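Only one structure is covered here, and it is reproduced in the block below.
The values are calculated or read from the model by the stated rules, or taken from the named source; none is laboratory data. Since the model is a prediction, treat every value here as computed from it, not as a measurement. We place every Cβ from the backbone using ideal geometry, glycine too, and count neighbours over all the protein chains shown.
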Amino acid sequence: MASLIRAVDADTGAMPLRRFGARHGKAALPWLARAAVVMVCAYLLGDALRFGASFLSGGLARWPHRPSVSRSAATPGVMQSTSVELELAVQQGKPVVVDFYATWCGPCQMLTPELVKVAARLQDRVTILKVDTDVETEIASELDIQALPTLLFFKDGNMKPVAKVEGLVSADWLEDYITDNLFPSEVTEVTEASEVTAAEAS
């Protein structure tokens, strides 16, 4: 029978499949298995190398939920801040509004455009900061941040906030609130100056 198969193969010019399969088919499967094992090992090794690089660069200190501060996340007129930068800003004596937020908080993301509007309207009369509560956990705990977003208002260089507002607010409301609560002395001075001018005119 084998001679007959070889004769047919010789006549047709086809590869003797039965002979090839008998001699090489069993060797092909282990070869494919070894190739698959090598690919899996290479993949796992790549993950191990990436983890090692993250460990050496300090990434492990931020795992699993301590994202790094990204300065590129700052928006016009609203500055991303650390706890140290917050204290320095308050110590300058200018009114400061601080937005305590988290990247996963939907209302926090909606509040950001409103803060940008207020910053554009009031310009350098007030400093507006954003503090990520997932990064600056200590200052968030010290200032008793229990809801997000939370706005704290500081004035006169005092680290004790004069007001706290929780939840989403509009730019118009926030501008009026800042003007009424952080600039009362300016309103008084303008009123007194107007009364003196009126008295002199009479």
Checklist entry - Which one of these does Ser194 not meet: (1) modelled with pLDDT of 95 or more; (2) over 17 Å from Gln80 (Cα atoms)? => result (1)
Next on the checklist: As an exercise: evaluate Trp104 against (1) outside any loop (DSSP other than H, G, I, E, B); (2) farther than 16 Å from Thr75 by Cβ and give the number of the one condition it does not meet.
Outcome noted: (1)
Next on the checklist: Just to verify a result, which residue in region 150-160, among those that are surrounded by fewer than 19 Cβ atoms within 10 Å (Cβ to Cβ) and in contact (Cβ under 8 Å) with a residue 60 or more places away in the chain, is nearest to Thr103 (Cα to Cα)?
Outcome noted: Met159
Checklist outcome for this item: When (1) without any contact (Cβ under 8 Å) to a residue 12 or more places away in the chain; (2) in contact with a strand residue (DSSP E or B) (Cβ under 6 Å, 6 or more places away or on another chain) are applied to Thr133, the one that fails is (1)
Item to check | Selection within region 85-119 - hydrophobic (A, V, I, L, M, F, W, C) and more than 20 Å from Asn181 (Cβ to Cβ) | outcome: Leu88, Ala102, Trp104, Cys105, Cys108, Met110, Val116
Checklist entry - Would you pick out the residues in region 136-172 that are of a type in the set (Ser, Thr, Tyr) and more than 18 Å from Pro107 (Cα to Cα)? => result Thr137, Ser141
Next on the checklist: Considering only residues that are among the polar types (S, T, N, Q) and farther than 10 Å from Gly77 by Cβ, which ones fall in region 108-133?
Outcome noted: Gln109, Thr112, Thr133
Item to check | Test: residue in region 162-175 that is over 26 Å from the mean Cα position of the chain (by Cα), buried (at least 21 other Cβ atoms within 10 Å of the Cβ) and part of a helix (DSSP H, G or I) | outcome: no
Item to check | Among residues of region 176-185, those that are free of Cβ contacts under 8 Å to residues at least 40 places away in the same chain, surrounded by 13 or more Cβ atoms within 10 Å (Cβ to Cβ) and either in contact with a helix residue (DSSP H, G or I) (Cβ under 6 Å, 6 or more places away or on another chain) or within 23 Å of Gln109 (Cα to Cα) (or both), counted | outcome: 1
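For every residue, the table says whether it meets (1) more than 18 Å from the chain's Cα centre (by Cα); (2) at pLDDT below 95; (3) farther than 25 Å from Asp172 by Cβ.
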position: Ser70; (1), (2), (3): no, yes, yes
position: Val97; (1), (2), (3): yes, no, no
position: Tyr101; (1), (2), (3): no, no, no
position: Leu152; (1), (2), (3): yes, no, no
Checklist outcome for this item: Checked against (1) part of a strand (DSSP E or B); (2) β-branched (Val, Ile, Thr); (3) buried (at least 21 other Cβ atoms within 10 Å of the Cβ), Val90 satisfies every condition except (1)
